[in-house]
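J.: Before I ask anything, let me first share the structure, which is written out below as C-alpha cells.
The values are calculated or read from the model by the stated rules, or taken from the named source; none is laboratory data. The model shown is predicted, which means the values in this text are computed figures rather than measured ones. Methodologically, a virtual Cβ is constructed for each residue, glycine included, from the backbone with ideal geometry; neighbour enumeration extends over all protein chains shown.
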Amino acid sequence: MNAQQIQHKVRSLADPAVAASAARFFRKEHAQADVFLGLRAATLHRLSKEHRELPINEIETLLRSGIHEERMLALLILVIAFRKAKDAARKEMYDFYLVNTKHVNNWDLVDASAPSLIGAYLIDKSRKPLYRLARSTNLWERRIAIVATQHFIRNDDFADTFKIAEMLLDDDADLIHKATGWMLREVGERDRSPLEFFLKQHCRKMPRTMLRYALEKFAKEDREAYRKGT
C-alpha cells in the first residue's frame with residue numbers, strides 16, 4: 001500500500017468521541033492547531049507492523065500530514081524499520097528525521113521516536129547533534145535532545161543526560177521541565193548516586209516541575225529535603 005491508501009484506511013477507523021477527548025487533552029500541551037481522528041495507540045502500533053515495509057518517501061507523506069495519528073504512524077513505522085535496517089539505511093532514516101523535526105511536533109511524537117531513532121543512532125557516535133538540538137529555539141527539538149538520551153540511559157551511559165539537563169535548567173517551557181525531570185528519574189532508576197550528585201548541585205535552581213519529576217521515586221522525607229534545598 002502507498003501512503004494515500006494508508007491514509008484512507010486510517011481515516012476509515014476514525015472515532016469522533018476519542019478524537020474529541022484527545023483534542024481536549026493535547027490542547028493543554030501546545031497542540032492548539034492539531035487535528036485528531038481518534039485512533040488509539042494499540043491500533044496505530046498494529047498498523048505500523050502491517051506497513052513496516054513502507055518506503056521512506058511514502059513515510060514522508062504520512063509524516064507531513066496535518067493529522068496527528070498519521071504523523072504518529074509514520075514515526076512508528078520508521079522506528080520498526082530502523083531496528084531492522086543496516087548501517088547505511090539507518091543513516092538515511094536518521095538524516096530524514098532531523099530534516100523533518102518540524103513535523104515531530106507534539107510530546108507524544110517525540111517520546112515515541114527520539115530514543116529509538118536519534119538515541120539509538122548516536123549510541124556509538126559523537127553526541128554533538130544533540131547539543132545543537134538542545135540549543136534550538138524549537139521546543140520540540142529541545143525535547144528531542146533530552147528524550148533521545150533515554151537510549152543512552154538504558155545502556156548505563158548518563159553523561160549526556162546530565163549535560164543536556166544542565167543546559168535546559170533555564171528553559172521556560174513546562175514540557176521541557178517534564179521531559180528533563182523524567183530523564184533524570186530514569187537515571188536514578190538505574191543508579192541513584194549520580195542523580196543525587198546532580199540534584200545536590202542543582203536542586204535550588206531547577207524548575208519545580210523538573211525537580212518534582214526527578215524525585216518521584218524518592219522517599220517523602222528526601223523529596224522534601226531536595227525541594228527545600230537542604
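J.: Out of (1) surrounded by fewer than 17 Cβ atoms within 10 Å (Cβ to Cβ); (2) out of contact with any Gly (no Cβ under 6 Å at 6 or more places or on another chain), the odd one out for Ala165 is which?
T.: (1)
J.: From Gly38, Gly66, which residue is in contact with a helix residue (DSSP H, G or I) (Cβ under 7 Å, 6 or more places away or on another chain) and not β-branched (Val, Ile, Thr)? Before you say what the answer is, go through the steps one by one.
T.: Details: Gly66 fails: in contact with a helix residue (DSSP H, G or I) (Cβ under 7 Å, 6 or more places away or on another chain).
None of the others qualify; the one that does is Gly38.
J.: Would you say Asp170 is surrounded by fewer than 16 Cβ atoms within 10 Å (Cβ to Cβ) and acidic (Asp, Glu)?
T.: Numbers: surrounded by fewer than 16 Cβ atoms within 10 Å (Cβ to Cβ): yes; acidic (Asp, Glu): yes.
It is true that Asp170 is surrounded by fewer than 16 Cβ atoms within 10 Å (Cβ to Cβ) and acidic (Asp, Glu).
J.: Which condition breaks for Ala179 when tested against (1) buried (at least 20 other Cβ atoms within 10 Å of the Cβ); (2) without any contact (Cβ under 8 Å) to a residue 40 or more places away in the chain?
T.: (2)
J.: Given (1) under 21 Å from the mean Cα position of the chain (by Cα); (2) assigned to a loop (DSSP other than H, G, I, E, B); (3) farther than 17 Å from Val110 by Cβ, identify the lone condition not met by Asp171.
T.: Status for Asp171: all satisfied but (3).
J.: List the pairs whose first member sits in segment 86-103 and is free of Cβ contacts under 8 Å to residues at least 24 places away in the same chain, whose second member is surrounded by fewer than 17 Cβ atoms within 10 Å (Cβ to Cβ), and whose Cβ atoms are under 9 Å apart, counting only residues at least 6 apart or on separate chains?
T.: As it stands, the answer is Ala89/Ile56, since those pairs meet every condition given.
J.: Of all residues in segment 50-59 being in a helix (DSSP H, G or I) and buried (at least 18 other Cβ atoms within 10 Å of the Cβ), which is nearest to the chain's Cα centre (by Cα)?
T.: Let us first name the residues in segment 50-59 that are in a helix (DSSP H, G or I), namely 50, 56-59.
Now drop any that are not buried (at least 18 other Cβ atoms within 10 Å of the Cβ), which leaves 58-59.
Values: Glu58: 22, Ile59: 18 Å.
Per the stated criteria, the residue is Ile59.
J.: Of everything in segment 35-65, what is of a type in the set (Ser, Thr, Tyr) and touching a residue at least 40 places away in the same chain (Cβ under 8 Å)? Give them in sequence order.
T.: Within segment 35-65, the first condition is being of a type in the set (Ser, Thr, Tyr), and the residues that meet it are 43, 48, 61, 65.
Scanning segment 35-65 gives Thr61, Ser65.
J.: Now for a separate question. Being in a helix (DSSP H, G or I), over 17 Å from the mean Cα position of the chain (by Cα) and of a type in the set (A, V, I, L, M, F, W, C): is that true of Ala81 here? Before you say what the answer is, go through the steps one by one.
T.: Details: in a helix (DSSP H, G or I): yes; over 17 Å from the mean Cα position of the chain (by Cα): yes; of a type in the set (A, V, I, L, M, F, W, C): yes.
Yes; evaluated as a whole, the condition is true for this residue.
J.: Then there's this: From Leu62, Leu76, grab the single residue that is under 21 Å from Arg142 (Cα atoms) and of a type in the set (A, V, I, L, M). First the steps, then the outcome.
T.: Details: Leu62 fails: under 21 Å from Arg142 (Cα atoms).
Answer to the check: Leu76.
J.: What is the residue count in segment 66-85 for residues that are crowded, with 17+ Cβ neighbours inside 10 Å and either closer than 20 Å to Leu13 by Cα or free of Cβ contacts under 8 Å to residues at least 24 places away in the same chain (or both)?
T.: Here is the first cut: in segment 66-85, the ones crowded, with 17+ Cβ neighbours inside 10 Å are 67-82.
If we keep only those that are either closer than 20 Å to Leu13 by Cα or free of Cβ contacts under 8 Å to residues at least 24 places away in the same chain (or both) as well, we get 67-77.
Here the count works out to 11.
J.: Considering only residues of segment 94-135 that are basic (Lys, Arg) and outside any helix (DSSP H, G or I), which is surrounded by the fewest Cβ atoms within 10 Å (Cβ to Cβ)?
T.: Our first condition is that a residue be basic (Lys, Arg); within segment 94-135, this holds for 102, 125, 127-128, 132, 135.
Subsequent filtering for residues that are outside any helix (DSSP H, G or I) retains 125, 127, 135.
Working: Lys125: 10, Arg127: 18, Arg135: 13.
Filtering segment 94-135 for residues that are basic (Lys, Arg) and outside any helix (DSSP H, G or I), the one surrounded by the fewest Cβ atoms within 10 Å (Cβ to Cβ) comes out as Lys125.
J.: Quick one: Asn105 ticks every box in (1) within 16 Å of the chain's Cα centre (by Cα); (2) more than 25 Å from Phe198 (Cα to Cα); (3) modelled with pLDDT of 95 or more except a single one, so which number is it?
T.: So the condition that Asn105 fails would be (3).
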